[in-house]
Each structure stands twice: as structure tokens, then as C-alpha cells.
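What follows is a set of notes on a single structure, which appears directly below.
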Amino acid sequence: MPRVLKFKVNIETGKQGPNETVNFCFNNHKMPFENVIGSNESDAIFEGSFDVNSFAHSLTLVGPEKGKWDVEKVTVDYECEGEEPYVVKWGAVTLDETTEMNLWQDPPAPMFDV
Amino acid sequence: MNFIKRFFSGMKQEDSVSEPVEVVKPITEQKVKSTTSSTVATEPDAAEERFSDAPPVPRVVLHAPVVSESIFPAESEDILIKAQPSQTGDQCMFTVNQVLMKGASWYFDNFESAAESSLAESLFSLDDVETVLVCESTVTVTRKDKTLIDWTALAKEVGAAIRGAIEEGSYLIAEKIISSIPSEDVIREGIQKVIDEEVNPGVAGHGGQINLLAVKGNTVTIQMGGGCQGCSAADLTLKQGIHTSFRKAVPQVGAIFDETDHTAGLNPYFS
């Protein structure tokens, strides 16, 4: 469980987007993103980041308060203490007021050529 | 600390914007006000709404598929191998840029089982190799000396052995092994039986349960639920209990994957 210094998301919305504030949950604390560019309306791209500086137990993208949100693709850039920066990409998922999407993945185990 | 400060400061800001005065008043005072003021009594009681006993409905966490990208440069003609030791250091996975066993997997638990399989024979010729699992384009090796967690030296030897076996060009996996792999239905039936009759009755004492998610070729994917999800002994249960039971009941089972998210769920380990 590493200490997350910062993470940045890039979310591509599909045919249906709620166009409302995008929130995430870090260790069950719901927060809005900072440094926001774009939106989550239909066919739009949303970018946001957050300087967390805390240990990660869970990180999720919160579904909209009303309606559905077709998430086409999510890319997350993580900066963790003592780890090389890494990127994880997720595929399509549809969120609504009862769901959230996992955005956490541990840093990859070290790999080397043999 | 930065995150915590922002979290609490964020809460204060939100409160001050939505309900600037009433929030700081005690509930008792607001109730008195509602009985003495006709204007307030006709409106919904904001304090009661705010301090409702009903807990927030938990959202279901969805797990979208992770989009994986190749770890090797495209169209390389060389044999490229990457070593990735496990977090605990008890095993190391070697990924090769070509398929070693198409659509199936095989577990070699000793040198004798490696007969006629040039890949496994090469690996067992190394002193410290204990078991070998071949699955598609990966080879997972466990070592005899459990006190060593640095794989650098052994990994280079394993890499050279894998490369040598591929270059040799003979059967990486013996034909008799490939022809002995039964159908997915036979494996599914055998694994489900051992789960129902042996594994689940065993883990039920700890509030756990094992579900068979998929059988592809002779590769089995399971999910641990109930008390097993998030349990610190889940890895031990999987490797020493479930693997042993599965291989004893259905010897042709190859790789066994656990797709449990031990950090998620509404009821991880006795919570």
C-alpha cells in the first residue's frame, strides 16, 4: 500500500454523459477533482488531478447523481512515494447513481530483462 | 496530511455555502423554533433531514477491464524474456515474446514430470528450481531455497534455459501431455465437485467460500468470497489448500488464477 503523492485522470465519455461535477472517492472520502479541463458531457474528454499525499486503500470514480454515464476509457497517471510513475488504462463501463468505478491499481512489480 | 487538510477544509466550505447559520445551531434549539414559529413549522425540518438515521446507500464498485499494452517492442525477431518476481519473492514469472503452450497450461511439480518436455527439462536442470508452471507465453518458477528472495542470479539462468530450449526447436511441452488434457467440461465438473465436497466445507468454518468463475482450456479461474476476501491468509489458503486439492482431484489442471479483489467488497473478512 504505497503513499500516493498525486494522480491525474483522463476520462473519455461516450454517447451519454451527465455533464456534472466529477467526483472521486479516496479511502471512502468523496472529493471533486482539481485542475479540471473539459467535462463529462457526451463525447467529451475530462481531465483532472489531485495532490493526495496519503496512503491508498481505495480509489474510485463516483457515478453521476442522476442518469447514466458511459465511460469509454479512463487513463490514470500515478505518482507514488518510492515508486516509478506508472499509468493504468481501463476500458468501457457505464456508471449511474448506484455505482462507482475502481481506479486503483498497485504499482506493478519490478520487471527486468533476462 | 495535505489530503486530510483539504478534505476537512472542503467540508467546511461546502457547509458554509449551503446552510450558513442553521448547521451550527443545536437540534434542540431548532425544534423549539419550529414549535414557536409558524413560518418554520410549515417548511420541512432541515435539521431532521440532515441528521437522518438512514445510512447512505453504498455504491457498488465496478471493475472495468484493464487495457494492457505489450511489454515488448513490436515485431522483434529476437527471443525477449522479462522476469517479474512476486511481491513475496517465493516465485518469479517469466514472460516471453512468443507462445510456449497455445491455449493451455501445465504444472510440472518435479523433474520426472518434465520428461520429453524440453522446456521443463532445461529448467529442472538448474539446481534451485522446484516447480515450473507453463501458461501460454509465461513460465512461473518457484525455487527450493525459500530463504532467498533476490531472483537476479537465478532469473538469468532461467532466462538462458528458456531461450536455449526455444532455440533447440524440439517439443517444448511433451505431446503426451498435450494429448492428455481433457475437455473443459470434464475439468469444470471435476473442479466444481472438489469445491463443493472438499474446499468449501473447509473454508466455511471461517465464513469463506470459493467460486469457480471460468475454465479455459485446462486453466481454472476462481474467486474467493465471504471471509476469504481480504483475509491475510488467503494466499496461503490458495497455494497450500486449494491448489493441492484441485491438482489431486484433477491432475490435468494447469494454471489456477485467483481473481478476487481482496481490497473491495461489502463484507471483506468478518467486517
Q.
Using only the Cα atoms of the stretch B:184-258, what semi-axes does the equivalent ellipsoid have when each is the square root of 5 times a gyration tensor eigenvalue? Give whole Å, largest first.
A. 20, 12, 11
Q. Any idea which of A:Asn35, A:Pro85, A:Asn23 is furthest toward the positive side of the dipole for chain A, if Lys and Arg beta-carbons carry +1 and Asp and Glu beta-carbons -1?
A. A:Asn23
Q) How big is the stretch B:81-180 in terms of Cα radius of gyration and Dmax, in angstroms? A) 12.5, 38
Q: With all distinct Cα pairs included, what does the Kirkwood hydrodynamic radius of the stretch A:28-114 come out to in Å, to one decimal, could you say?
A: 14.7
Q | Rounded to the nearest 20 debye, dipole of chain A from Cβ charges on Lys, Arg, Asp, Glu | A | 180
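What's the FRET efficiency of B:Ala214 with A:Lys30 using the Cβ-Cβ distance as r and R₀ = 30 Å, to the nearest 0.05?
Using R0 = 30 Å, I get an efficiency of 0.30.
Bear in mind that the values in this text are calculations on the coordinates, not laboratory data. Remember, predicted model here, so these are calculated numbers, not experimental data. Positions of Cβ are generated from backbone atoms using ideal geometry, with glycine treated the same way; all protein chains shown enter the neighbour counts.
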